[in-house]
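No value in this document is a laboratory result; all are computed from the given coordinates. Being a predicted model, the structure only gives us computed values, none of them experimental. Note that we place each Cβ from the backbone using ideal geometry, even for glycine, and neighbour counts take in every protein chain shown.
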Amino acid sequence: MYFLDSSHILHVAKTGNDSNSGHAGQYPVNLANDAKLTIGSAITAAVSGDTIILWPGDYAENVSFGSKALTIIGTSRNKSRVIPASGDGVAVADDSVLLNLAVQALGSDARGVSALYKTNVVMRDCDVYGNYEAIYGYGANSLFLRNCRFRGQYDGGNLDTAKRIIAEGCIFNGLGTYGTGVDCRGLYGMGIGTYSKCIFIAERTDTTSHGIAAAYLAANSLAVFKNCVLKATAGSGHTGTAYGILVNGSGAVGVLQNCIVSCASENASDGPHDLRQATGKLIVSHCGYETYGGTITHGGPKMNKAIKLLVNKAIQTKSSGKTDYYDDDGSSVLLTHTPTDSEAIITRTPS
C-alpha cells in the first residue's frame with residue numbers, strides 16, 4: 001500500500017485519461033481523475049527510477065521502456081495484462097522490473113518480453129506468452145527471474161550468450177505449435193547461470209523432421225540445474241532429434257543435481273535421449289533418467305566422495321582408527337574405509 005504518492009509513482013487504469021497527471025492526489029486513488037489511460041502515456045511522463053502501477057484490465061499496447069529504468073507493478077498476473085494485437089509485448093531497459101502482471105504477444109513472430117542485451121532486469125510473478133518466444137534475453141547481463149511462467153510457440157525462451165542468470169521457481173514451455181520448419185525447446189541457450197526448482201517442457205504433436213529438447217545448452221553456456229524437472233515429448237509424426245537436455249556447443253557445461261529428466265518420441269531420428277552430450281560437458285548427480293547419448297560424467301571423483309560421505313553414517317573405532325560407513329538403517333555397512341579421490345571403484349562389504 002502506498003500512503004504517500006510522490007511524483008515518482010504513476011497509475012494506469014482503464015477508467016483513466018491520458019490527460020491526467022498519473023499521480024494520485026489522495027487515497028484511495030480516484031482513478032478517473034488521476035490515472036493515465038495507457039501505459040505508453042505513463043512511460044512518457046515518467047523518468048528513470050519511477051514506478052508505474054498497472055490497475056486491472058487488458059492493455060492493447062506495445063510497451064517500450066526506451067532508455068528509462070522503470071518498475072511496472074500489476075495487481076496480479078490474472079488481472080493486469082498487456083495484450084498487443086501485433087508486435088512484441090514489453091521491451092525493457094537496463095535496471096527494469098516487471099512484477100505481478102501478464103504479457104501476451106499474440107501477433108505473428110512476436111516476443112512476450114524482450115531484454116535483448118539489457119543489464120539488471122528483474123521479473124517476478126509474471127505470466128508471459130509469445131507467438132514466437134516468451135522471453136528474449138539474448139546477451140542480457142544480470143537477469144533475475146522468479147515464479148514466472150514463460151510459454152512460446154517456438155521456444156519458451158532464448159537466453160543465448162546471456163550471463164549472470166538466476167532463475168527460481170519458473171516454468172519454461174516450448175509449445176511446439178509455431179510450425180513444422182523449426183525446432184522446439186523449453187529454453188534455448190541457457191547462458192551462464194543457475195536454475196533452481198524450475199520446470200522445462202518442450203512438446204509437439206506435428207509431423208516434422210525438426211528437433212525437440214526441454215533444455216538446449218549452446219556454445220559457452222555454463223548452467224547449473226538444481227531440483228528441476230525437464231520433459232520433452234513428441235508424437236508418432238516426429239522424425240527429428242529428441243532430447244530431454246542437449247549440450248551442443250563449444251565450451252558448454254551443464255550440471256544437473258537432484259533433477260528428473262524425461263524424453264519421449266515415437267519416431268525420433270536421434271534419441272529419444274533423456275540426456276545428450278554432443279559437444280561440451282554434461283555432469284549429472286542424483287538425477288532420475290533412463291536413456292542417454294554421448295559421454296555423461298557422473299559427479300566426478302571429488303563429488304562422488306563428498307556424496308558418499310554425506311549420505312552415509314560414519315562411525316570410527318578410536319582404538320584402531322577404522323571408520324565404517326553405514327546405510328540409513330544404521331546397521332548395513334556400505335564402506336569399510338574412507339574413499340580417496342583417485343579410486344575408480346569402491347569396494348562394498350555387506351554386513
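Placing a label point 7 Å from the Cα of ASP270 along the Cα-to-Cβ direction, no residue of the range 157-182 has its backbone N under 12 Å from that point. Seen from SER196, the other residues with C-beta closer than 11 Å to its C-beta sum to a net charge of +2, counting Lys and Arg as +1 and Asp and Glu as -1. The length gained on full extension between LYS14 and TYR117, counted as 0.36 nm times the residue separation minus their Cα-Cα distance, comes to 33.9 nm. Using a simple spin-label model with pseudo-atoms 7 Å out from Cα toward Cβ, ASP58 and SER7 lie 3.7 nm apart.
Between ASN33 and ILE260, the C-beta separation translates, for a Förster distance of 51 Å, into a calculated FRET efficiency of about 0.45. Note on THR205/GLN26: beta-carbon distance plugged into 1/(1 + (r/R0)^6) with R0 of 51 Å gives a FRET efficiency of 0.40. Note on the range 21-93 and the range 97-136: Cα centroid distance 15 Å, given to the nearest whole angstrom. Take every Cα pair under 8 Å whose residues are at least 6 apart in sequence, average their separation, divide by the length of the range 62-196, and the relative contact order is 17 percent.
Label 7 Å along Cα→Cβ of LYS79; the range 92-116 residues with amide nitrogen under 17 Å? Counting only backbone N, you get 99-103.
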